[in-house]
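The values are calculated or read from the model by the stated rules, or taken from the named source; none is laboratory data. This structure is a prediction, so every number in the text was calculated from the model and none was measured. In this analysis, Cβ positions are derived from the backbone assuming ideal geometry, glycine residues included, and neighbour counts consider all displayed protein chains.
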Amino acid sequence: MTNVSFDNILINFGFGTKEEKKEILRENPNKTVLMELSCYDPAEFYTEFPQLHGSFAALFCDEEKKIEIHFKQMNQAALNKFIELGFKPFETTIISCGFIFPRTIVQIINEAYFALEEEVASKEDINRAMKFGVNYPKGPFEWSQGKEKFVLTLLNELYQKTQDKRYLAASLLKTAAVS
Amino acid sequence: MNLQRIVVIGAGTMGSGIAQWFTQQMCFVELVDNSPEQLQNALNSIHASWDKLVEKEKLSSCQVNQMKKLLEVKSLEQVSSNTDLVIEAIIENLEIKKELFHKLDKHFAPHTILSSNTSSFPITLMSEAVSNERKARFVGLHFFNPATLMKLVEVIKGEKTDEKLCNDLYAWFESKDKKPALCKDSAGFIVNRVARNFYGEPLRIVENEDENKVKEVDQILKVVGGFKMGPFELMDLIGIDVNYSVTCSVWEAYKREPRFAPHKLQKQMVDEKRFGRKSKRGFYKYD
């Protein structure tokens, strides 16, 4: 499910590059668009594309289908469509690059990769420590499994936006992102 | 490995929790503290906790009577030297800990494992206080609060710690339904390092103390992220001063690596003595 279209509304669910995302918006200037933007800064997209009425973060969405959603302009029909598709959208008013949940989790994942790189512990023990020491619902590597490329994309985006070295990615994460 | 006789030094929250957990495994436990009053309070509180568990039918009165006999409170001088494992859980002060370990090394039999529940000091550095022979049997055992409920024990291998000893401890804890994690002797070990950005990143998302933003971040991380507590309510519970101090200590240990840098809001709140729940003012108000 990459795109869902109805009543001149387009909901884009894909995890593309920034350019691919912008291209979809360029191709749909007259539609009301809601777009998955976990790895990017919604503010940048809102400025450039007035037809973008809202954005959401589904990068770490699991079987519970809970997503973080931001409306620049509230669109009840779109919100209803998410619910109809089985999602549980939770509205946020904060516009932040990487939203709230993905941005926090990628930093935890990145640190777990640094620890792995320095051979502090195995992947299994790092997962176990975070779940049973501080009650995390998942271990960092369970969150990142199969999503390393997007974790890296968001970290790179945060670094580009802020120039803060806290967002530089661990080498092992970079390797995992291309493998 | 068969751990039967345990000594826990320090009858504060962590020490008494650790002593309680080991006793519940039917080990003979001697709980040690400099303060007889602290010891008595710890013993009363452990007994009260067991009595409650009997009321809730989680333990039988027969089991609790047996456990009460297995737990003794003592001064260090009264403790038997023939002990399998010693766990230090005293104040986080390196010099005081090293002085204690020097004494413990002399007091206990050569087979005794010496361990520390420290969350901040390198195990290898602490092991400087003991003989070369003991260094192989010197290990970090980091429990999490409350020790009777939290399943994780970080088993930390110092430079000279015998690898087999760490593996045996790992297996022993696993056999007792704990969830051990083996880790290298590095600052923050696993949890206190990897968890830093659960606080650091939300602080950078809100940037200032906007109460609505704070609530919203907590809410999203609980509802969408599945965390039991949001970062701001957790900082208020832990103590903003305590959390800030751990952040600074990890940041310094990693030579001020930007990933661990404290946020200006943390320092500001500590300077203003807004420590969270305990001072009734933190990210939230507690009146």
Quick check, is B:K160 charged (D, E, K, R), assigned by TED's automatic domain parsing to the domain that holds B:F22, over 12 Å from the mean Cα position of the chain (by Cα) and assigned to a loop (DSSP other than H, G, I, E, B)?
-> yes
Give the residue that is nearest to the other protein chains (Cβ to nearest Cβ), with candidates limited to residues of the range B:243-260 that are at negative phi and either in a loop (DSSP other than H, G, I, E, B) or charged (D, E, K, R) (or both).
-> B:R259
Condition set within 8 Å of another protein chain (Cβ to nearest Cβ) and hydrophobic (A, V, I, L, M, F, W, C), scope the range B:210-242, selection surrounded by the fewest Cβ atoms within 10 Å (Cβ to Cβ): answer is B:V223
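Yes/no per residue for (1) in contact (Cβ under 8 Å) with a residue 24 or more places away in the chain; (2) within 7 Å of chain B (Cβ to nearest Cβ); (3) part of a helix (DSSP H, G or I); (4) under 21 Å from the mean Cα position of the chain (by Cα):
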site	(1), (2), (3), (4)
A:G98	yes, no, no, yes
A:I108	yes, yes, yes, yes
A:L116	yes, no, yes, no
A:A121	no, yes, no, no
A:W143	yes, no, yes, yes
A:G146	no, no, no, yes
Within the range B:220-231, is even one residue touching a Phe, Trp or Tyr at 6+ places or on another chain (Cβ under 9 Å), within 19 Å of B:R274 (Cα to Cα), modelled with pLDDT of 95 or more and aromatic (F, W, Y)?
-> no
How many residues does the range B:171-200 contain that are assigned to a helix (DSSP H, G or I), more than 9 Å from every other protein chain (Cβ to nearest Cβ) and touching a Pro at 6+ places or on another chain (Cβ under 9 Å)?
-> 5
Kindly list the number of the only condition in (1) in contact (Cβ under 8 Å) with a residue 40 or more places away in the chain; (2) charged (D, E, K, R); (3) more than 7 Å from chain B (Cβ to nearest Cβ) that fails for A:E64.
-> (1)
When you go through B:M126, B:M150 one by one, which is the residue that is without any contact (Cβ under 8 Å) to a residue 40 or more places away in the chain and within 14 Å of chain A (Cβ to nearest Cβ)?
-> B:M150
Being out of contact with any Phe, Trp or Tyr (no Cβ under 7 Å at 6 or more places or on another chain), within 13 Å of chain B (Cβ to nearest Cβ) and assigned to a loop (DSSP other than H, G, I, E, B) is the filter here, so list the residues in the range A:37-57 that pass it.
-> A:D41
Name, by its number, the condition in (1) touching a residue at least 40 places away in the same chain (Cβ under 8 Å); (2) more than 26 Å from B:L100 (Cα to Cα); (3) buried (at least 17 other Cβ atoms within 10 Å of the Cβ) that does not hold for B:V73.
-> (2)
Look through the range A:128-141, keep the residues that are surrounded by fewer than 23 Cβ atoms within 10 Å (Cβ to Cβ) and under 21 Å from the mean Cα position of the chain (by Cα), and return whichever of them is farthest from the other protein chains (Cβ to nearest Cβ).
-> A:F141
So which of B:L53, B:L31 ends up being more than 24 Å from B:F121 (Cβ to Cβ) and not basic (K, R)?
-> B:L53
Candidates B:E95, B:E99, B:E133 - the one that is surrounded by fewer than 15 Cβ atoms within 10 Å (Cβ to Cβ), within 18 Å of B:S249 (Cβ to Cβ) and charged (D, E, K, R) | B:E95
Go through the range B:153-170 and give me each residue that's in contact with a helix residue (DSSP H, G or I) (Cβ under 6 Å, 6 or more places away or on another chain) and more than 14 Å from chain A (Cβ to nearest Cβ).
-> B:K160
B:I18 vs. criteria β-branched (V, I, T), in a helix (DSSP H, G or I) and either outside the structural domain of B:K176 (by TED's automatic domain parsing) or in contact (Cβ under 8 Å) with a residue 40 or more places away in the chain (or both) = yes
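For (1) under 18 Å from A:S5 (Cα atoms); (2) modelled with pLDDT under 95; (3) among the small types (G, A, S), each residue gets a yes or a no:
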position: A:R26; (1), (2), (3): yes, no, no
position: A:E36; (1), (2), (3): yes, no, no
position: A:E63; (1), (2), (3): no, yes, no
position: A:A78; (1), (2), (3): yes, yes, yes
position: A:G98; (1), (2), (3): no, no, yes
position: A:F101; (1), (2), (3): no, no, no
position: A:N110; (1), (2), (3): no, no, no
Just wondering, is there one or more residues in the range A:59-76 that are part of a helix (DSSP H, G or I) and polar (S, T, N, Q)?
-> yes
